[in-house]
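Readers should treat all values here as calculations from the given coordinates under stated rules, not as data from a laboratory. Model, not experiment: these values are computed from the prediction. Glycine gets a Cβ as well: all are built from the backbone with ideal geometry, and neighbour counts include every protein chain shown.
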Amino acid sequence: MSDLAMKLYMVPLAPNPTKVMLYIAERAAAGADLPVEQIVVNTLKGRHREPEHLARNPFGTLPVLELEDGAHLIESLAIVEYLEDRFPGGALREADVERRARSRDLERVVDLRIAMPMSNYVHAAKSPLGLPPDPVKAAAIEESLQAPLDYLETSMDDGRPLLTGERVAIADCTMQAALQFLRFIEADLLGDRPNLRAWDARYRERQAARQVLKW
C-alpha cells in the first residue's frame with residue numbers, strides 16, 4: 001500500500017465493517033484496485049473506546065474510513081458510496097437510474113429491517129461483548145424479522161441469482177455481513193425460505209466471500 005492509502009479501521013466479525021470489507025473485496029475481484037489499507041481495531045480489548053480511536057470517531061464505532069487528508073467517514077453506507085463515487089470504474093451501482101433506485105431501496109430494506117435487527121438479536125441471544133441474554137427481546141426481534149425476510153424471499157421468486165438481479169450489489173454485502181454475525185453464535189433465522197438459502201449458499205462461494213467471511 002502507498003503511504004497515501006486510505007485506512008479502513010474495522011473488526012472482522014462486526015456486520016457494518018464486514019459489509020465494507022465485502023464491498024472492497026467484490027471491487028477487487030472485479031479488477032479494481034482501491035487504495036484502502038485495512039486495520040483491525042480489537043473491540044474485545046476495548047480499543048474502540050481508547051482516545052486514539054475516539055479521535056477518529058467520537059461514537060467509538062466501526063468501521064471508520066480515514067481519507068488521505070486525515071478526515072474520517074464513520075458510517076458504513078457513506079464509506080461505500082464514497083468509494084463508488086471516488087472510483088467509478090467498475091462500481092457496483094447500476095447505470096440505469098430506475099434500476100439503481102430499486103437496488104438502493106432493497107439495500108435500505110436489508111440494512112434497516114433485517115441486518116440491524118439481526119445484530120440486536122445476536123446481542124440479545126448470545127452477545128460477543130458479554131451483554132446479559134434477553135430471551136424476550138430476542139424472541140420479539142425474531143418475530144419482527146419475518147415480514148422483511150418474506151419480502152426478500154418473494155423478491156427472488158423470479159430466479160435472480162443475487163439479491164437485486166444478475167450483478168452483485170451492496171445489498172448482498174449488507175445481508176451476508178448480517179448472516180455471518182448470526183453464524184458466529186450458531187443462530188439461523190432464515191426459516192423455510194429456499195430462495196434466500198440458495199442465495200446464501202451461492203454468495204458464500206464467491207471469491208470476495210471466501211476472502212472476507214470467517215464464519
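Details
- Those trypsin sites (Lys or Arg not before Pro) in region 1-48 that DSSP places in a loop and that have at most 16 other beta carbons within 10 Å: LYS45
- Each distinct pair of alpha carbons in region 6-86 adds a 1/r term; the inverse of their mean, the Kirkwood radius, is 12.7 Å.
- Förster radius 25 Å - calculated FRET efficiency between ILE185 and PHE59 (Cβ-Cβ, nearest 0.05): 0.55
- Fully extended contour minus Cα-Cα distance, from ALA78 to LEU112, at 0.36 nm per residue: 10.8 nm
- Separation between Cα centres of region 114-137 and region 165-193, rounded to whole Å: 16 Å
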